[in-house]
1. For region 66-89, enumerate the residues that are surrounded by fewer than 16 Cβ atoms within 10 Å (Cβ to Cβ) and of a type in the set (Gly, Ala, Ser).
2. Take Pro293 and decide whether it is modelled with pLDDT of 90 or more, touching a strand residue (DSSP E or B) at 6+ places or on another chain (Cβ under 7 Å) and not in a helix (DSSP H, G or I).
3. Name the residues in region 192-214 that are closer than 17 Å to Gly257 by Cα and either of a type in the set (Asp, Glu) or assigned to a strand (DSSP E or B) (or both), would you?
4. Looking at (1) under 22 Å from the mean Cα position of the chain (by Cα); (2) surrounded by 14 or more Cβ atoms within 10 Å (Cβ to Cβ); (3) part of a loop (DSSP other than H, G, I, E, B); (4) not acidic (Asp, Glu), which one does Asn163 not meet, given that it meets all the others?
5. I'd like to check something: does region 97-104 contain any residue that is modelled with pLDDT of 95 or more, closer than 30 Å to Arg204 by Cβ and not in a loop (DSSP other than H, G, I, E, B)?
6. Please go through region 232-243 and pick out each residue that is under 17 Å from Leu34 (Cβ atoms) and not hydroxyl-bearing (Ser, Thr, Tyr).
7. Just give me the residues in region 104-146 being closer than 15 Å to Lys64 by Cα, out of contact with any helix residue (DSSP H, G or I) (no Cβ under 9 Å at 6 or more places or on another chain) and hydrophobic (A, V, I, L, M, F, W, C), in sequence order.
8. Any idea how many residues of region 297-327 are at pLDDT below 95, touching a Lys or Arg at 6+ places or on another chain (Cβ under 8 Å) and hydrophobic (A, V, I, L, M, F, W, C)?
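The values are calculated or read from the model by the stated rules, or taken from the named source; none is laboratory data. Fair warning: this is a prediction, and the values are worked out from it, not measured in the lab. Cβ placement follows ideal geometry from the backbone for every residue including glycine, while neighbour counts extend to all protein chains displayed.
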Amino acid sequence: MERREFLATGGLLAAGMALTGAEAARAAADTSSLKGRAVDLMTPVGNREAWARLLGNTDMKSTKYGWAQGLIQGVRPGEAIRDICGFTMLSCARLLPHESGSGYRKILREIGLYTDLKSGEIIEEMVNPYLNETVKVVPITNDPFNHTITEFAPEPPSYGGINKFKPAPKPLQLDWTRRGETLNLFSHINLFYPSSLPPAKWPRENANPFNQVTETFLYQIPWADMQNPKKTSVEYNGTWTRTTPWLPWLLMGPTPGHAQYATFMGAVDDINRIDRKTLDYVEKHFPKYLKAPDKWEDPSLSSLELYARTQTPAPVPAGQPVPRAPDPELPAWFKAMQAKPGA
C-alpha cells in the first residue's frame, strides 16, 4: 500500500509536506482559526501533537486501527478506465517515545486484501480482465511500516536504502484548513524512483525500470475532538488515492497503462468498528495483523520491495514474447456511428 508511507494512517505518509506557495498564502491569510485550546496548528509542536493523535494514541499504550476500502482501477490510453477489483485494508499502530525525548516513534503493521467486485468477498485468485488469464492475488503485508513523528518534517523515502540524501531539518507544518467545525488535512507525495522489480528479471510483473507513484490523503477531522485536551487519540474519515504501476501480480507485462487505488479511509480506536468481513478473514489467515507491533524494527519496506523479496518471477513461455493485453478497440456504439452513411 510502498505505501508509501501507506495509508498515512499507516502507511502511505507525509514525506515532502512543505507548503506550496498557494498553500502558504492561504495559511497566512487566516491562521487564527487554526489555534485552539489544545493545539496550535501553526506551530511545529502543535503539528506534531495533532499528527500523532491522528495516526496513533499519545497515551502510548492503546492501538489505533486504520482502514481503507474502495476500488483498484486500470488506466490505459485509448479506452475508458476499468474497475479491476475491490480493496480493503487494515492497519494497527501504536506510539512509542522518541529516543530524543521529543516526539514519537510510530510502529505499525498493515494488510491489504483484494475483493470481488460483485460479492465483496476477499479473493485469492481472479481472472485478469485484460488478459483473460487467471492470476494469483498477492495481498499487501507490510510488517513493519514504521516512522517517526517529531516537530520536523519527515525525511524523504529511502526506497529500500537507495536514497542516501538527508535534507536539512525543516519545521513541521502540515496543510490544514478549518471549515467551520470540520478540520481538513491535505497530504500528498509524488515519487519517481528505481523499481525493485527490474523488467529483465520480472518481465511479466513489470515493464518499467522506474516507478511513478502519487499518493493523496484527504482527512475530515472533527475540530472539537482535535481541540479536546482529554483526547489522546483523534478519529477521522477521509479518502486515499494512489497512482501506481500495474499491480505486479496482474502480470500485465509491457501493456501500456497503470493502476490506481480509489478508496475511503479512516482511523478508529475500537477494532470492532472495522469491516467485519475483513476482520474475520484476517483473524483466520493473518492473525498477527490484528495487533500492532511490540517494538521498533527495521527495515520498513514498501509493498513492491516486499513483493521482490517474497515472490518469484512468473515464467514466460519459451520462445514466446512477453504476454501483453490486446490493444483497446473503439466503443461499439462509436464504430456503428462511423459506419452509418454520411458519418
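1. Gly78, Ala80 - these are the residues of region 66-89 that are surrounded by fewer than 16 Cβ atoms within 10 Å (Cβ to Cβ) and of a type in the set (Gly, Ala, Ser).
2. On the way: modelled with pLDDT of 90 or more: yes; touching a strand residue (DSSP E or B) at 6+ places or on another chain (Cβ under 7 Å): yes; not in a helix (DSSP H, G or I): yes.
It is true that Pro293 is modelled with pLDDT of 90 or more, touching a strand residue (DSSP E or B) at 6+ places or on another chain (Cβ under 7 Å) and not in a helix (DSSP H, G or I).
3. Those that are closer than 17 Å to Gly257 by Cα and either of a type in the set (Asp, Glu) or assigned to a strand (DSSP E or B) (or both): Phe192, Glu205, Phe210, Asn211, Gln212, Val213, Thr214.
4. The number of the failed condition is (2).
5. First pass over region 97-104, keeping only residues modelled with pLDDT of 95 or more: 97-98, 103-104.
Still in the running and closer than 30 Å to Arg204 by Cβ: none.
No, region 97-104 has no match at all.
6. The one that is under 17 Å from Leu34 (Cβ atoms) and not hydroxyl-bearing (Ser, Thr, Tyr): Val234.
7. Correct list: Ile107 only.
8. Adding up the residues that qualify gives 1.
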